[in-house]
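Novice: The structure's right below; bear with me while I get my questions together.
Here, each number is a calculation from the coordinates, and none is a lab measurement. None of the values given here were measured: they were computed from a predicted structure. With ideal geometry, Cβ positions are generated from the backbone for all residues, glycine too; neighbour counts draw on all protein chains shown.
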């Protein structure tokens with residue numbers, strides 16, 4: 001074993017000396033370079049004491065060639081075992097410098113880097129090496145598919161030395177990302193809920209197309225297959241504004257939910273029932289802190305001051321739709337103070353709506 005180490009040391013020394021001599025500048029009268037940093041000398045000694053004789057000799061030889069190699073104050077060295085040096089034959093200077101990074105990288109730093117993260121090196125022909133740690137086994141850190149052997153061999157805060165299983169492959173390329181294809185997506189049959197399809201068709205034929213679209217789409221947010229009016233008794237009154245009244249707001253997507261819900265009451269009131277309600281009765285509707293006030297003037301019935309222009313547009317067992325000329329506004333503070341604190345209470349005529357609070361998850 002001792003003879004093998006001596007042979008390996010002499011072989012490495014000769015190889016590196018040949019390489020560095022080719023790159024050494026001509027003699028000059030310039031002052032001698034400063035001595036190598038003590039941290040690197042300590043690292044070389046620790047490498048030797050830890051059984052990494054080949055890398056220890058390599059580092060010492062590189063430190064003796066300051067005109068060829070300039071080491072930064074922060075450095076991370078990845079050292080292959082002596083057996084890897086013996087198997088490599090005569091490693092080139094470029095390959096050796098691929099194992100020197102001008103960064104001080106702790107084990108924690110390396111483990112936090114995601115797959116394919118580049119690490120700069122001192123090699124002029126191969127600028128970076130790459131993290132290849134598998135997400136399936138993140139505790140085993142690897143670079144260019146070469147595993148790091150645990151904790152640092154040497155670490156003084158500026159210079160860090162890690163043992164690796166082998167030399168990094170200089171021509172390493174990251175694998176192309178693979179698209180994950182689910183061959184069994186378990187798709188289910190989609191049946192669009194069309195409870196209000198008939199009502200929507202009537203609205204479209206009478207000049208209320210925009211609100212008909214709201215009815216088709218947004219009502220899905222709280223009327224689902226488990227809350228169909230004919231099943232659980234939930235009933236609605238819809239006050240649909242004309243298309244002309246909504247055109248100015250159709251581009252404001254953020255207001256769609258508020259505009260739509262502002263025109264709903266959580267009970268069914270046909271035209272006869274609306275006529276039978278006492279003047280200035282106030283309802284709570286689906287929009288938080290928004291009330292709807294029924295006002296009468298002669299034969300006219302108004303909601304928050306907006307006249308019902310087309311009463312009884314559509315009616316079935318769960319919904320009554322009335323047309324209004326304009327968008328229903330929000331009551332002012334004076335009218336809001338007059339609103340009942342209960343969810344809904346009629347003064348003259350009790351209407352049983354049995355309306356649960358809506359599921360507004362889609363809004």
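Novice: When ranked by the protection proxy of mean other Cβ atoms within 10 Å per residue, highest first, what sequence do the peptides 166-173, 291-298 form?
Specialist: Values: 166-173: 14.2, 291-298: 16.0.
My ranking of the peptides, most packed first, is 291-298, 166-173.
Novice: Right, something else. Compute the orientation-averaged projected area for the range 36-163 from the convex hull of its Cα atoms and round it to one decimal in nm². Intermediate values should be presented prior to the final figure.
Specialist: Details: hull surface 29.5 nm².
About 7.4 nm², averaged over all directions.
Novice: Here is a follow-up. Taking 7 Å along the Cα-to-C-beta vector as the label spot, tell me the residue 68-residue 135 distance in nanometres, rounded to one decimal.
Specialist: Going from the residue 68 label point to the residue 135 one covers 4.4 nm.
Novice: Determine the principal axes of the Cα atoms in the range 93-139, then give the extent along each, sorted from largest to smallest and rounded to whole angstroms.
Specialist: 34, 18, 13
Novice: How much length is gained if the chain between residue 127 and residue 326 is pulled fully straight, taking 0.36 nm per residue apart and subtracting their Cα-Cα distance, in nm to one decimal? Please list the in-between numbers first.
Specialist: Numbers: separation 199, 0.36 × 199 = 71.64 nm, distance 6.84 nm.
Contour length minus the Cα-Cα distance gives 64.8 nm.
Novice: Multiply the residue separation of residue 317 and residue 270 by 0.36 nm, subtract the distance between their alpha-carbon atoms, and state the gained length in nm to one decimal.
Specialist: On the way: separation 47, 0.36 × 47 = 16.92 nm, distance 1.05 nm.
Working it through step by step, the gained length comes to 15.9 nm.
Novice: Now, a different point. If we sort 94-101, 106-113, 306-313, 274-281 on the protection proxy, mean other Cβ atoms within 10 Å, highest first, what's the order?
Specialist: Details: 94-101: 20.8, 106-113: 13.8, 306-313: 17.0, 274-281: 15.2.
The packing order, highest mean first, is 94-101, 306-313, 274-281, 106-113.
Novice: A follow-up question, please. Could you tell me the calculated FRET efficiency between residue 92 and residue 116, based on Cβ-Cβ distance and R0 = 30 angstrom, to the nearest 0.05? Walk me through the numbers on the way to the answer.
Specialist: Details: r = 25 Å, r/R0 = 0.85.
Step by step, r from the Cβ atoms, then E = 0.75.
Novice: May I pose another question? How far apart, in nm, are the 7 Å Cα→Cβ label points at residue 151 and residue 309?
Specialist: A separation of 8.2 nm, rounded to one decimal place.
Novice: Based on DSSP, what percent of beta bridges with both residues in the range 36-163 are antiparallel, to the nearest 5?
Specialist: Details: 10 of 15 bridges.
Antiparallel bridges: around 65 percent, rounded to the nearest 5.
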